[in-house]
1. For region 89-109, which positions are more than 21 Å from the chain's Cα centre (by Cα), crowded, with 18+ Cβ neighbours inside 10 Å and within 15 Å of Arg297 (Cα to Cα)?
2. Select, from Ala243, Ala302, Ala258, Ala231, the only residue that is among the small types (Gly, Ala, Ser), open to solvent by less than 20 Å² (accessible area, probe 1.4 Å) and under 26 Å from Ser120 (Cα atoms).
3. Pick from Met324, Met338: which is buried (at least 16 other Cβ atoms within 10 Å of the Cβ), under 23 Å from Asn193 (Cα atoms) and not hydroxyl-bearing (Ser, Thr, Tyr)?
4. Pull out all pairs, ordered by first then second residue, where Cβ-Cβ is under 8 Å, the residues are six or more apart or on different chains, the first lies in region 255-273 and is more than 21 Å from Gly160 (Cα to Cα), and the second is among the polar types (S, T, N, Q) and surrounded by 21 or more Cβ atoms within 10 Å (Cβ to Cβ).
5. Of all residues being open to solvent by 10 Å² or more (accessible area, probe 1.4 Å) and farther than 10 Å from Tyr153 by Cβ in region 214-226, which is nearest to the chain's Cα centre (by Cα)? Just the residue, please.
6. Identify the residue in region 12-27 that is modelled with pLDDT under 95 and among the small types (Gly, Ala, Ser) and, among all such residues, is surrounded by the fewest Cβ atoms within 10 Å (Cβ to Cβ).
7. Tally the residues that are touching a Ser or Thr at 6+ places or on another chain (Cβ under 8 Å) and touching a residue at least 60 places away in the same chain (Cβ under 8 Å), restricting the search to region 294-322.
8. Inspect all residues belonging to region 168-176 and state whether any of them is under 30 Å from Leu230 (Cα atoms), open to solvent by 70 Å² or more (accessible area, probe 1.4 Å) and at pLDDT 95 or above.
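The values are calculated or read from the model by the stated rules, or taken from the named source; none is laboratory data. In this text the structure is predicted, and so the values were computed from the model without any measurement. Because the Cβ atoms are built from the backbone with ideal geometry, glycine has one as well, and the counts that use them run over all protein chains shown. Heavy atoms of the whole protein, side chains included, go into the accessibility calculation; ligands, DNA and RNA do not. Shrake-Rupley method; radii C 1.70, N 1.55, O 1.52, S 1.80 Å.
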Amino acid sequence: NGVPGPMIFQSIALDGTIKTVGGDEYYVKYTGSKRTNGGSSPDAVAHITDLDNGMYELHFVQPFVPMHTGTPETTGHRRSDSIVDLQAGKLEVNLDYTCGIGNLAPSTKRMWIKGGYINSHWEVAVKSSMVPSITMAEDRPLPQQFGSSFRNYDAIYGVGDSLIRGFVTTGPLGNPILRRSNFYMERDAMALNMVTFSDRTSFIDQMLQEHPELKNGNCAILLGGGMWDLAFSVQSIESHIEAIENYIEHVHNKAPSAHIYWKSMTSVHVSVFDEDEIKDDLARVIGARITLKYCSRSRAKALYEAQSELLQRIKIPVLDMYNMTFEAEEWHSRGDAMHYEDKFNEFLMDYFYSPDSAVKKNSLSSLYRK
């Protein structure tokens, strides 16, 4: 469907000259003009390869996730199983960073007021002859699902930050509601590296004292992390990966009968943040600038890929949410580049831990609400 092969995108400097180096970070979406489903979601999102010569290779895919209705905190529309409309449409291009700024390591921007994000947005009409080739969701490999395993545990404990909390629970912070009756949450929000390692293991030891069933019962532990390392840590990715391996080994030694799983790093979209919306609240502005200074997709993806390589090597099952979240920019909580709406977390839970055994393995369509 569409023009065969990937689309080639050429970057141009401010003075109109053709750029011959890479380092720009774009987010590109396509929406057909005659689709029947409403909502605010695109029909396709581009996974982009930087060719390091000023050109970028765009591979468009139909997102795994449901279509956003356009109204926050409502259940999404089911995507069409048929081919995306190819008569015409529009491309939306967002330039987040340029000249490698998004990939700068922590502490390099210490004296910067902001993180160097640009947030320039363009839209262009696309004729039918230029509609990109789109790989449909049904033709893509799907992340592993764990419903059949998770339902058999007496208890599963999610341990980690607010991203895991949003996955495991719904409702207000002071009175959270479990999305699954055997899935519990222990919040431990901090970066994971060799500097913080002893604090993280101390938390695990305390948790095991409070929940001794984890040591010898029919239980599982869902670990995860990365967002605090992305936003706040000045330690290297190597320190993060070394700490993950040691952390998992520590958990295994302390609770040898518990099965260990890992919730993957998720993507971030700095484009959803608009400082003008909070400009009258100086404290929020300063806090947002600090939090988002290093929150680029290039760094998030680097953390995700490094984690994935380790976890594959040490044979830890992964709830792989990265591509799902990368393709779900519109599902962020308003103005929040890291967290996603409650209904999106509900979709993730339904996918990875289906609510009943009747949900067919590797079936996305059964999770969408009509």
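1. Correct list: Thr98 only.
2. Ala231
3. Result: Met338 is the single residue among Met324, Met338 that is buried (at least 16 other Cβ atoms within 10 Å of the Cβ), under 23 Å from Asn193 (Cα atoms) and not hydroxyl-bearing (Ser, Thr, Tyr).
4. Final answer for the pair search is Val270/Ser296.
5. Per the stated criteria, the residue is Gly225.
6. Among those residues, the one meeting the criterion is Gly16.
7. 8
8. No: region 168-176 contains no residue that is under 30 Å from Leu230 (Cα atoms), open to solvent by 70 Å² or more (accessible area, probe 1.4 Å) and at pLDDT 95 or above.
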